[in-house]
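To start, the structure under review is shown below, and the notes come after it.
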Amino acid sequence: MSSTAAAPVEDLDDDQREAVQHLLYRLGDDEFVAAERYTEWQVRAPTLESDLALSNIAQDELGHARLWYDLLQDFGYDEPDLLFERDPETFRHSTMTELPFEEGDWSDAIVRTYLYDVAEDLRLEALEDSSYGPIRDRVGKIQSEEDYHLEHAESWLDRLASDDDGQRRLQEAVDRLFPYALTLFEPTDPDVEARIVDNEYRTEPLDELGEEWLSNVVPKLESYGLDVPISEDGTITSADLPPEIGRDGNHMDDWESLYDDFTQTYRDLGRTEATTLMEDPS
Amino acid sequence: MNIDEVKERAGPREFNPGDDLPEEYRKAATRMIQFHANSEIMGAYLERPFIRQSPSIDRKLAFSAKVQDEIGHGQFLYRAAESLGIKTREEMLDELANGKGKFLNCFHYPMENWAEIPMIAFFVDGAAMRRQATLKRTSWEPYAHAMDKICFEEGFHVKHGESIMRELATGSKKEQEMLQDAFDEWWPRIIQFFGPSDDKSTHHDFAAEVGLKTMTNDELRNAFLNQYLPKARKYNLEIPDEPRIRENDDGTFEIEEDDLDWDEFFTIAKNDYEPGVGQIEGRANAQEAVEWVRDAIEGDDQPTAGHTPTAAD
């Protein structure tokens, strides 16, 4: 699979190529790893209806991962390079996406999808006018699926927050997830990140996206009577971040076991390529 | 309506929730549809780990979608069963969790590697297709209606299963060997999918008389073998020596029933077979872990959060 439009990869110098690739890796890896975790809820969600709804979201995110990885193929990588034979320490997803779910902790799934989807909406907006055409061209398709995700998360926040036990569990999920959610706005590398913005591959810097995100999620969570673990003046410092931020390739042990799991069949069968069923995912 | 009238009127899609049906009919139909719905859920339970273990993104997407479809089929079938007025969906799901609910023999066995996938996703699903196609003419209209949708989606599942099998059958020597090993292990179970020969089946007579079942176990098995033996051969699978299968001139088959382990089959039918017990309990534990959510939303007038993409509507 490769993008159909003439890819302007050739027009990029080495620094620019690196910047576009970092941007695509953080997008693709977030979606892929988030989806891996969401699929853990399949056949385990509280009701058949919620099972269908979350698995639908997982499939959307997986489809988005495929769209972003497809653009990385324009740089000469194939799917094994991007996933099944890739060094797990080069994945650039936020550590929030790799956190395992405790069995039955539906409040984690709801808070996590909420925090993630608000961030995703903002970053997609900041890609609408990307100077890199192939990225710009794929934003609309993804956005058209995202509205429902946020609607799903908010409807569940509503329902759980109106129950004492649900409220308590939501608070625990917020306490646990919030520091990891902040890694969504961390750079893969400060120099490369500066190039992403200078070249307008993404038109907003991460700290502005992060501020917008905070001004969105904090009042919303507070409106449900939830405390958000950040300082009064709302400034975020490195002290608020978890030890592993993911973006720089530094991950938790849970990532290693997840990576081993999803590459297991590929390794066991001694595969050297990954089957493609759909020629052009865009 | 008394039972004689039911037998007289019995035909495809003849009865619906507007009919006043005797309890005997409603119970028999509930048992059959509940079994079918449970099988969808337990099949999905068995296959779920392979969403993660799929060796490509496209396979992963197809697998996740398949598991989702099966939950949707379960949802649709429980609704068709509920409409008989004997049990609620919650009661049926509780029975599945506490080991009272019955389901297909093949879903009691563990599945450990990718080469086993076609055994379920091609052969068992293919066998289920044979059976389900005949249920489009079952007498309980909501059940027949569910079959229209389910058969449509199952067609895609079997195609995907065949694609995985083709890939293994034409892959490395190791892959071909793994596929043959899986086939040797699963083949007798797949033959038993249709249950014992008609003379040993306990529920068939009544279900046939009231139009719930339209074909016998043997007829279904014949139809399956006619279609799937050539397919197995096409993918270079060696058919195991046992159970012995005699092919008659008229295209029918006879199975040497003594070659099959019916003790195991009936242990499974009672939900007493060890790996199956673990799978039932595994699912029950997962359901119990989210009991608090169902409690939290109880009385909520919003049974489905947001827009639920129902695979089964």
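Determine which residues of region B:16-46 fall in the zone a paramagnetic label at B:Asp205 would reach in this model, i.e. backbone nitrogen under 18 Å from the point 7 Å along Cα→Cβ. Counting only backbone N, you get B:24-25, B:28-29. Of the GluC sites (Glu not before Pro) found in region B:258-301, the ones in coil according to DSSP and having at most 15 other Cβ atoms within 10 Å of their Cβ are B:Glu298.
Peptides A:187-197, A:171-181 ranked from most to least packed, by the mean per-residue count of other Cβ atoms within 10 Å: A:171-181, A:187-197. Computed from the Cβ-Cβ distance with R0 of 51 Å, the FRET efficiency linking A:Asp191 to B:Phe266 stands at 0.15. Modelled this way, with points 7 Å down the Cα-to-C-beta line, the labels at A:Phe101 and A:Phe75 are 3.1 nm from one another. For the protein assembly as shown, the dipole from Cβ point charges (+1 on Lys and Arg, -1 on Asp and Glu) about the Cα centre works out to 2440 debye, to the nearest 20.
In chain B, the calculated helix contribution to ellipticity at 222 nm averages -19000 deg cm²/dmol per residue, counting -39,500 (n - 2.57) for every DSSP H run with n ≥ 4.
Give, in nm to one decimal, the length gained when the segment between A:Ser215 and A:Arg136 is fully stretched (0.36 nm per residue of separation minus the Cα-Cα distance).
Gain on extension, A:Ser215 to A:Arg136, equals 25.9 nm.
Which part of region B:240-282 falls in the paramagnetic zone of B:Lys100, meaning amide N under 18 Å from the point 7 Å along Cα-to-beta-carbon? Inside the label zone: B:269-272, B:280-281. A protection proxy built from the mean count of other Cβ atoms within 10 Å ranks the segments B:58-65, B:186-193, most packed first, as B:58-65, B:186-193. When +1 charges are put on Lys and Arg Cβ atoms and -1 charges on Asp and Glu Cβ atoms, the dipole computed for region B:3-296 relative to its Cα centre reaches about 1180 debye. Among complete DSSP H helices in chain B, those whose alpha-carbon atoms stretch at least 20 Å along the helix's long axis and whose mean Kyte-Doolittle hydropathy reaches -0.5 are B:57-82, B:141-169.
Each of the peptides A:71-83, A:140-152 was scored by the mean count of other Cβ atoms within 10 Å over its residues; in descending order, highest first, they stand as A:71-83, A:140-152. Based on the alpha-carbon gyration tensor of region B:3-296 and its eigenvalue square roots a ≥ b ≥ c, which shape applies: rounded if a/c is under 1.5, prolate if not and a/b is larger than b/c, or oblate? Judged from the Cα gyration tensor, region B:3-296 comes out oblate (a/c at least 1.5, b/c at or above a/b). Dividing the convex hull volume of the alpha carbon atoms of the protein assembly as shown by its residue count gives 153 Å³ per residue. With chain A treated as a Gaussian network of Cα nodes joined by springs under 10 Å, which of A:Arg202, A:Arg112, A:Arg86 yields the largest mean-square fluctuation? Among A:Arg202, A:Arg112, A:Arg86, the largest GNM mean-square fluctuation belongs to A:Arg86.
Spin-label model, A:Thr90/A:Ile236: points 7 Å from Cα along the beta carbon direction are separated by 2.7 nm. Take each residue in A:261-273, count the other chain C-beta atoms within 10 Å of its C-beta, and the mean is 5. The convex hull defined by the C-alpha atoms of region A:12-268 has an orientation-averaged projected area of 13.4 nm². Per-residue shielding of B:67-80, expressed as the average number of other chain Cβ atoms within 10 Å of the residue Cβ, stands at 3.
Ranking B:Ile255, B:Ala289, B:Gln227 by how far each Cα lies toward the positive end of the dipole of region B:3-296 (charges on Cβ) leaves B:Ala289 at the top.
The mean number of Cβ atoms from other chains found within 10 Å of a Cβ in peptide A:50-61 is 6, as a whole number.
Readers should treat all values here as calculations from the given coordinates under stated rules, not as data from a laboratory. Note that the structure is a prediction, hence the values are computed from the model and not measured. We place every Cβ from the backbone using ideal geometry, glycine too, and count neighbours over all the protein chains shown.
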